[in-house]
Amino acid sequence: MTKGHKNLNASNIASEENVHAHYEQKARQKRALDKGLSLIFVDTTAKTALFQGSAKDPYKTSLHECTCIDFQMRNLPCKHIYRLMHELGLIDLESLFPLPNKEILKVRKDALRLLSFLKENWEFLPVNAIEEKCSDLVTLKTKEDSLYENRHQTP
Ligand SMILES: [Zn+2]
């Protein structure tokens with residue numbers, strides 16, 4: 001497997017003592033149980049898995065590498081690798097990241113709506129409108145993060 005494009009930030013993360021504790025890696029662990037991530041097959045003996053991604057061919061995942069773009073770019077564990085670790089019982093994502101509550105889901109929905117608005121209108125929007133929407137996105141992300149932090153206190 002080639003290292004793909006150079007990604008300085010990724011090599012900084014790789015040099016850290018606990019790669020998995022880095023927030024960029026935590027973000028991938030959080031997403032590893034998302035419904036959108038469709039697991040086709042797990043081979044518990046070979047410790048490999050197949051995932052249907054956005055590409056035509058499924059992603060082939062082992063504990064050390066994955067054919068998805070994220071892994072190719074960063075050469076660090078992607079959400080598929082974390083999901084495989086979870087399926088093999090090596091980590092327990094459900095207890096690390098309990099399912100998001102309704103409030104978090106609503107924030108995400110709002111963020112996705114904003115993102116698709118930006119995507120559809122990118123070429124027509126003036127810079128100040130983009131600035132405004134990006135600032136709204138930052139607000140939503142901050143809100144989601146704080147909801148995640150406080151999720152144990154919510155009923
Ligand atoms: Zn992957």
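None of the figures in this text is laboratory data; all of them are computed from the coordinates on show. Predicted model only: the values in this text are computed from it and were never measured. Cβ atoms come from the backbone with ideal geometry, glycine included; neighbour counts cover every protein chain shown.
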Would you mind calculating the gained length between H64 and L137 on full extension (0.36 nm times residue separation, minus the Cα-Cα distance), in nm to one decimal?
23.0 nm
Specify the residue with the greatest mean-square fluctuation among E87, E132, E123, computed from a Gaussian network of the chain linking alpha-carbon atoms under 10 Å apart.
E123
Residue order, fewest to most beta carbons within 10 Å, for H86, H64, H20, H80
H64, H20, H86, H80
GNM, the chain, Cα, under 10 Å: largest mean-square fluctuation among P126, P98, P58?
P126
Rel. contact order, % - alpha carbon contacts under 8 angstrom, at least six apart, the stretch 8-96
26
Over the residues of the stretch 102-153, compute the C-alpha Rg and express it relative to 2.2 N^0.38 Å.
1.29
In degrees rounded to 10, the 0-90 angle between helix 127-149 Cα long axis and the longest Cα principal axis of the chain is 50
List the relative contact order of the chain as a percent without decimals, with contacts defined as Cα pairs under 8 Å and 6+ residues apart.
19
Flagged links, alpha-carbon separation over 20 Å, of K35/K79; K79/K143; K30/K119; K119/K143:
K79/K143; K30/K119; K119/K143
In nm, to one decimal, how far is the A55 label point from the N121 one, both placed 7 Å along Cα→Cβ?
3.4
Taking the Cβ of each residue in Y23, Y82 as the centre, tally the other Cβ atoms inside 10 Å and list the residues starting with the fewest.
Y23, Y82
Per DSSP H run of at least 4 residues, take -39500 (n - 2.57); add these up for the chain, divide by its residues and hand me the 222 nm value, nearest 500 deg cm²/dmol.
-15500 deg cm²/dmol
Report ³J(HN,Hα) in whole Hz for each residue of the stretch 74-80, in order, from the Karplus equation J = 6.51 cos²θ - 1.76 cosθ + 1.60 where θ = phi - 60°; Gly and Pro get x.
10, 6, 10, x, 9, 4, 5
Taking only Cα atoms, what is the 0 to 90° angle, nearest 10, from helix 102-121's long axis to the longest principal axis of the chain?
70
Given Cβ charges of +1 for Lys and Arg and -1 for Asp and Glu, the option among L39, S11, L137 whose Cα lies farthest towards the positive end of the dipole of the chain is L39
Whole-Hz Karplus couplings 3J(HN,Hα) for the stretch 39-55, θ = phi - 60° and coefficients 6.51, -1.76, 1.60, Gly and Pro as x, run 7, 8, 7, 10, 9, 6, 6, 6, 6, 10, 8, 10, 10, 8, x, 7, 6
Classify the stretch 1-98 from the C-alpha gyration tensor, please: rounded if a/c falls under 1.5, else prolate or oblate depending on whether a/b exceeds b/c.
oblate
Length released on extending from L96 to S15, taking residue separation times 0.36 nm less the Cα-Cα span
26.8 nm
